[in-house]
1. Would you please list the contacts, defined by Cβ atoms under 7 Å and residues six or more apart or on different chains, that run from a residue in segment 108-130 that is open to solvent by 40 Å² or more (accessible area, probe 1.4 Å) to a residue that is in a loop (DSSP other than H, G, I, E, B)?
2. Within segment 21-42, does at least one residue satisfy the condition of being assigned to a loop (DSSP other than H, G, I, E, B), within 24 Å of the chain's Cα centre (by Cα) and buried (at least 17 other Cβ atoms within 10 Å of the Cβ)?
3. Restricting to segment 187-228, name every residue that is of a type in the set (S, T, N, Q), closer than 18 Å to Ile163 by Cα, at pLDDT 90 or above and open to solvent by 60 Å² or more (accessible area, probe 1.4 Å).
4. Yes or no: Gln50 open to solvent by less than 80 Å² (accessible area, probe 1.4 Å) and farther than 22 Å from Thr72 by Cα?
5. Just need a number here: residues in segment 271-287 that are buried (at least 20 other Cβ atoms within 10 Å of the Cβ) and at pLDDT 95 or above.
6. Sort through Ala125, Ala98, Ala160 and tell me the only one that's part of a loop (DSSP other than H, G, I, E, B), closer than 26 Å to Pro275 by Cβ and hydrophobic (A, V, I, L, M, F, W, C).
Amino acid sequence: MEQTELNQQRSIRQTFERLFPTEEACIGFLFPLRWPQGFICPFCRTGHPQLSPRRYPVCPHCGNRSSLTTGTLMHGAKKPLRDWLLTIWWFSAAPFDASAKELQRLLNLSCYQTAWTWLQKLRLAMGRADSEPCRGVVEVVSDTVTPAYERKERAQVLTAAEIVLSLNIAGRIRMRHIQRLNRDTLVLFLQETVQPQSTLLVGDPQLLELLAQVGGYNVAPTSPAPSASQPTRAQELNRSFETCLHTVHRGGVTVKHLQLYLDEFCFRNNASLLPDHRAVFMALLKGVLAESINDYRRVVQSGAPLQGRQAKRRSL
């Protein structure tokens, strides 16, 4: 392991240990986040605001034993909760090139698969935590991405990027893997990612044709149309994302898992709008606690891209 990585992990761990010195401190921190109004039994739905924080609360009314992690992305976790919080603290501060190997070393895990699974869950949590829509002037493009040159798989991606006109830069971004571009997928994408009445900058003739059938937005065709020599900011984001996949993950990402990496890419870009690392950590943690484990199984095992966000969302 390079000395730079060692120093970064040492610094992250030292800060984390000051905040969460024991497993009991982690439980005391997570308990009110999971149940802000006090413990509510998932079996009988009886509230017990007086119950003290514990990992496995027992309902005084019905006697059923619950868990602090039930139904979350930490569901069924056998590892200490302190390991989970350390992982979230590290991943919320890490760049896009953070790898499962690094996490394996950080937690001294014997199994690489455990580290990989945890990171996939955190990528899914990033997508759930980052639900704030783009607004104002927003570029929208439809493009294709090749996750790995070796497999030659291409995936259709819709991208929305806020344009900060005063600075001539891209602000908040949202990206979605779709099976095919049509009116239905475009409408769903816009409903989830762009605030109504925003101004959409569009140069793609196919998108313009589809947007003619969609109300609620101000459409401004760009001229000349974007090209390979003069890409839009949103197209540049797609190319940057694709380059990151090839240089960081080296062909290890399949179309099946592409949305998870799109979620991570957007979260990390949009997290720059938050004030500090602790705010980013809290945003990601809320995504972990609010997420249903069933969504993780559906995304990772089925291979179908997410076409909608039906679970309860938390915003950055």
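1. none
2. The initial filter retains those residues of segment 21-42 that are assigned to a loop (DSSP other than H, G, I, E, B), namely 21-22, 35-38, 41-42.
Retained after the next criterion (residues that are within 24 Å of the chain's Cα centre (by Cα)): 35-36.
Imposing the further condition that a residue be buried (at least 17 other Cβ atoms within 10 Å of the Cβ) reduces the set to 35.
Within segment 21-42 (the criterion being assigned to a loop (DSSP other than H, G, I, E, B), within 24 Å of the chain's Cα centre (by Cα) and buried (at least 17 other Cβ atoms within 10 Å of the Cβ)), the answer is yes, since at least one residue qualifies.
3. Taking segment 187-228 and keeping what is of a type in the set (S, T, N, Q), we get 191, 193, 195, 197-199, 206, 213, 218, 222-223, 227.
From what's left, closer than 18 Å to Ile163 by Cα: 193, 195, 197-199, 218, 222-223.
Among the residues that remain, those that are also at pLDDT 90 or above are: 193, 195, 197-199, 218.
Result: Gln195, Gln197, Asn218.
4. no
5. So the first thing to find is which residues in segment 271-287 are buried (at least 20 other Cβ atoms within 10 Å of the Cβ), and the list is 271, 280-281, 283-285, 287.
Filter once more, so that each one left must be at pLDDT 95 or above: 280-281, 283-285.
Selection size over segment 271-287: 5.
6. The unique qualifying residue is Ala98.
The values are calculated or read from the model by the stated rules, or taken from the named source; none is laboratory data. Computed from a predicted model, the values in this text were never measured in an experiment. Cβ: placed from backbone, ideal geometry, glycine included. Neighbour counts: every protein chain shown. All accessible areas refer to the heavy atoms of the entire protein, side chains included, with ligands and DNA or RNA removed. Shrake-Rupley method; radii C 1.70, N 1.55, O 1.52, S 1.80 Å.
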